[in-house]
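Below is one structure, written out as structure tokens; the observations come after it.
The values are calculated or read from the model by the stated rules, or taken from the named source; none is laboratory data. Predicted model only: the values in this text are computed from it and were never measured. Cβ coordinates were reconstructed from backbone atoms using ideal geometry, including for glycine residues, and neighbour counts include every protein chain displayed.
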Amino acid sequence: MTANSPSTAAVFEADHGTARADLAAAFRWFARLNMHESVANHLSAAVSADGAKFLINPRGRHFARMSAGDLLLLDANDPSTPTREDAPDPTAWHLHARLHARLPLARCVMHLHPKYATALACLEDPTMYPIDMNTMRFFGRVALDSRFSGMALSDSEGDRMADLMADGKSVLLMANHGVLVVGATIAAVFDELYYFERAAETLLTCYAAGKPLRIVSGETAALVERQWRGYGQLAIDHFDNIKAILDVEEPDYRR
Ligand SMILES: [Zn+2]
């Protein structure tokens, strides 16, 4: 792998080394961004063609301490997983196993409760209005789960989320809860979640100003969303730079 290789190009490596290191880097950086919460929340990456085998964080480990070797390798089709000695957090299992099993194109699934995205999810109208380039990036990309009914402690909750994401949306804004992002690579999903939090921060800052929003037309918002899709290299460069910083400052994330 070179520094500029796509981050999931080697997901079929026997030891899933690249996927493990990339996912560990995402955990470490979300902790630096204060987008983590206690030792909760979960990030996963598929490592088989059908998506059923995936890596995910072990229960109870802080994002800032996550290393490549800590990640659990699970099989979405193995019903014994919740009872094994090192079982993952139950909500992590029910959400991620069903999403990976049902959406094989969703190679990476990241779920957080970051401050601004979660605040947006708690508004009666959680629409990401297109008011700047970051908010416009998400025009038409966001599915809303408006039926919060407690923690996701059953497969039916994971299946419900998969149904909501089945039409190719990248972001699931979970009302009264948080946000979940799916995509083709760890770098792409990391970048999408990073930008969603930035966009939510801008929108909520405008709300806090108490002035009317300057919302652009749907035509302009759709154009900018398409233009963002032409910037796929940005996510790769963003993530490669994060790994380069971690390689100097906390290289044990690869351990
Ligand atoms: Zn959650």
Taking segment 54-79 and keeping residues more than 14 Å from the ligand (Cβ to nearest atom) and in contact (Cβ under 8 Å) with a residue 40 or more places away in the chain leaves F54, M66, S67, A68, G69, D70, L71, L73
Selection over segment 80-101 where residues are assigned to a loop (DSSP other than H, G, I, E, B) and either away from the ligand (no atom under 12 Å from the Cβ) or farther than 26 Å from D191 by Cβ (or both) yields a count of 6
Here the qualifying pairs (Cβ atoms under 8 Å; residues six or more apart or on different chains; first in segment 19-46 and farther than 21 Å from M151 by Cβ; second more than 16 Å from the ligand (Cβ to nearest atom) and polar (S, T, N, Q)) come out as A19/T8; D22/S7; D22/T8; A24/S67; A45/T8
Among (1) more than 18 Å from the chain's Cα centre (by Cα); (2) more than 16 Å from the ligand (Cβ to nearest atom), P104 falls short only on (1)
Residue hits (segment 16-39; of a type in the set (A, V, I, L, M, F, W, C) and either more than 16 Å from the ligand (Cβ to nearest atom) or within 14 Å of the chain's Cα centre (by Cα) (or both)) are A19, A21, L23, A24, A25, A26, F27, W29, F30, A31, L33, M35
Checked against (1) surrounded by 19 or more Cβ atoms within 10 Å (Cβ to Cβ); (2) more than 16 Å from the ligand (Cβ to nearest atom), R198 satisfies every condition except (1)
**Prompt:** Within segment 63-72, can one find any residue that is under 17 Å from the mean Cα position of the chain (by Cα) and within 20 Å of E197 (Cα to Cα)?
**Reply:** yes
Going through (1) over 19 Å from H113 (Cα atoms); (2) touching a His at 6+ places or on another chain (Cβ under 9 Å); (3) of a type outside the set (A, V, I, L, M, F, W, C); (4) touching a residue at least 60 places away in the same chain (Cβ under 8 Å) one by one, G178 fails only at (1)
The lone condition F139 fails out of (1) away from the ligand (no atom under 16 Å from the Cβ); (2) touching a helix residue (DSSP H, G or I) at 6+ places or on another chain (Cβ under 7 Å); (3) within 24 Å of R28 (Cβ to Cβ); (4) of a type in the set (F, W, Y) is (3)
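Give the residues of segment 107-126 that are hydrophobic (A, V, I, L, M, F, W, C), touching a helix residue (DSSP H, G or I) at 6+ places or on another chain (Cβ under 6 Å) and within 16 Å of the ligand (Cβ to nearest atom), sorted by residue number.
V109, M110, A117, A119, L120, listed by residue number.
Residue-wise test of (1) in contact with a Phe, Trp or Tyr (Cβ under 7 Å, 6 or more places away or on another chain); (2) modelled with pLDDT of 95 or more; (3) surrounded by 23 or more Cβ atoms within 10 Å (Cβ to Cβ).
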position: D15; (1), (2), (3): no, no, no
position: A26; (1), (2), (3): yes, yes, yes
position: H36; (1), (2), (3): yes, yes, no
position: A49; (1), (2), (3): no, no, no
position: F63; (1), (2), (3): yes, yes, yes
position: G69; (1), (2), (3): no, yes, no
Reported set for segment 165-188 where residues are aliphatic (A, V, I, L, M) and either at pLDDT below 95 or more than 16 Å from the ligand (Cβ to nearest atom) (or both) is M165, A166, A184, I186, A187, A188
| request: Scan segment 86-93 and give yes if some residue there is surrounded by fewer than 23 Cβ atoms within 10 Å (Cβ to Cβ) and either without any contact (Cβ under 8 Å) to a residue 40 or more places away in the chain or over 15 Å from A152 (Cβ atoms) (or both), otherwise no. | output: yes
